[in-house]
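Reviewing the structure listed below.
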Amino acid sequence: MNILTRQIKAAVATAVMAVGAQGASAQMAEYDNDEPITATIAGYSSRGMVSVLGEGQAVVVRNAYPGSNVVYEPGNPAGSFVAVVNGEREFALETVIEMNKAMVGEAPFPESYEGKFWLVTALSPERTLAHVYGRKAFLEEHGIKSFADIKEKEIPVRLGINQPGNLWVRGHVDAILAQYGMTKEDIEKFGGTLIEERTGATIGLMRDGRADIEITGGFVPIGGLIELNNTTPISFLEISQEEAAGAAEEMGITTGVIPADVYDFLDSDMPVPASTHYIIAGPSATDEQVFKLAKALDTELVAYQAMHPALGDVTNEQIVPNVPGIPLHPAAKAYYESR
């Protein structure tokens, strides 16, 4: 299903849900109370900066509605998505990359999940930036400035691509390599190795000289990379604006910039794909739960901004999710329209 078809279907679905939205608006007084709620947000790993987002959403709900039992449950985005659409969890932390695959039933999802999930909040508006870096000694030894050099010279590299369930990283690996006419299979064909470990583990392998390059992401600055550079100097691989835009377009996201002044090992601003993490709701989420998650983030934004420096300038307008082809939950829509 192409994007235009999805947008048309989403418009029809929005019209159909208008009655539901009106109903949610009528019930707003009922939802707009101080009663606590209980819910689970399924997410990524328990480590790393993405967990800050899930924990942050849980914190603001507990702040806004004392006594609430809202928890962030670590996992992986693929498994979390399935748990939500199957009604096993109310909410999940996901990006457009997972959503696009889920809409059409692309692997690892066994079927299309269109109509089984809805947007609630936007937690990191274009704050999650791709990082493509390697051990400086390895890059200099082989004369590598970008993946174009790896392809041209067929250099065997040990490339960190994260775990299979991390569709965000896997999507970036495929999209970035594609800008150079490459695939993961080419890495292996050149005699290299694909390292299927989480970012923290790959950083450890870098420190031990057992990994060469990694494609990962997060808010800037990533503390783990700064710490790694203190013992094992690293460098970014070059990405042009055109290459960053091409990779972003393939994934349905946008581009951003890693500022040169946030890393000692970066000489100039670097364009990279940039993405947003969202809270999505599944069929087991109630209108009240959705309404209160949306309101809590909006009204407790100062507490949320304090969760990480990269979130410090997130605005009330930016937390309203807007993804072409993906519907906004009627209860969330009712809240945002009532502000």
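Every condition in (1) over 22 Å from SER68 (Cα atoms); (2) out of contact with any His (no Cβ under 9 Å at 6 or more places or on another chain) is met by ILE279 except one, and the failing one is (1).
Residue count for segment 183-203 satisfying the condition of being modelled with pLDDT under 95 and touching a strand residue (DSSP E or B) at 6+ places or on another chain (Cβ under 7 Å): 2.
No other residue among ALA294, ALA281, ALA285 is closer than 30 Å to GLU30 by Cα, more than 20 Å from the chain's Cα centre (by Cα) and assigned by TED's automatic domain parsing to the domain that holds ILE37 apart from ALA285. So VAL60 fits all but one of (1) within 20 Å of VAL323 (Cβ to Cβ); (2) buried (at least 23 other Cβ atoms within 10 Å of the Cβ); what number is the exception? Every listed condition holds for VAL60 apart from (1).
What helices (runs of 4 or more DSSP H) lie completely within segment 174-263 and have 1 or more residues being of a type in the set (Asp, Glu) and at negative phi?
184-189, 223-231, 241-251
Residues in segment 278-315 that are crowded, with 24+ Cβ neighbours inside 10 Å and closer than 30 Å to LYS145 by Cα: 0 in all.
Please enumerate the residues belonging to segment 87-136 that are charged (D, E, K, R) and in contact with a strand residue (DSSP E or B) (Cβ under 7 Å, 6 or more places away or on another chain). Even if it seems obvious, please write down each step before you answer.
First, the residues of segment 87-136 that are charged (D, E, K, R): 88-90, 94, 98, 101, 106, 111, 114, 116, 126-127, 135-136.
Within segment 87-136, ARG89, GLU90, GLU94, GLU126, ARG135, LYS136 qualify.
Of all the residues in segment 204-224, those that are buried (at least 22 other Cβ atoms within 10 Å of the Cβ) and within 21 Å of ILE144 (Cα to Cα) number 8. Output yes when any residue across segment 259-267 is surrounded by 18 or more Cβ atoms within 10 Å (Cβ to Cβ) and touching a residue at least 60 places away in the same chain (Cβ under 8 Å), and no when none is. Within segment 259-267 (the criterion being surrounded by 18 or more Cβ atoms within 10 Å (Cβ to Cβ) and touching a residue at least 60 places away in the same chain (Cβ under 8 Å)), the answer is no, since none of the residues qualifies. For segment 111-137, filtered to residues that are surrounded by fewer than 20 Cβ atoms within 10 Å (Cβ to Cβ) and farther than 24 Å from HIS329 by Cβ, the residue that is nearest to the chain's Cα centre (by Cα) is LYS136. Give all pairs with beta carbons closer than 8 Å in which a residue from segment 42-64 that is farther than 16 Å from PHE219 by Cα and modelled with pLDDT of 95 or more meets a residue that is part of a loop (DSSP other than H, G, I, E, B) and among the aliphatic types (A, V, I, L, M); count only pairs at least 6 apart in sequence or on separate chains. If the second residue must be part of a loop (DSSP other than H, G, I, E, B) and among the aliphatic types (A, V, I, L, M), the pairs left are GLN57/LEU123; VAL59/MET307; VAL61/ILE37.
For segment 140-153, what are the residues that are surrounded by fewer than 22 Cβ atoms within 10 Å (Cβ to Cβ) and assigned to a helix (DSSP H, G or I)? Within segment 140-153, GLU140, GLU141, HIS142, ALA148, ASP149, LYS151, GLU152, LYS153 qualify.
The values are calculated or read from the model by the stated rules, or taken from the named source; none is laboratory data. From a predicted model like this one, the values you see are computed outputs, not experimental measurements. Backbone-built Cβ (ideal geometry, glycine too); neighbour counts: all protein chains shown.
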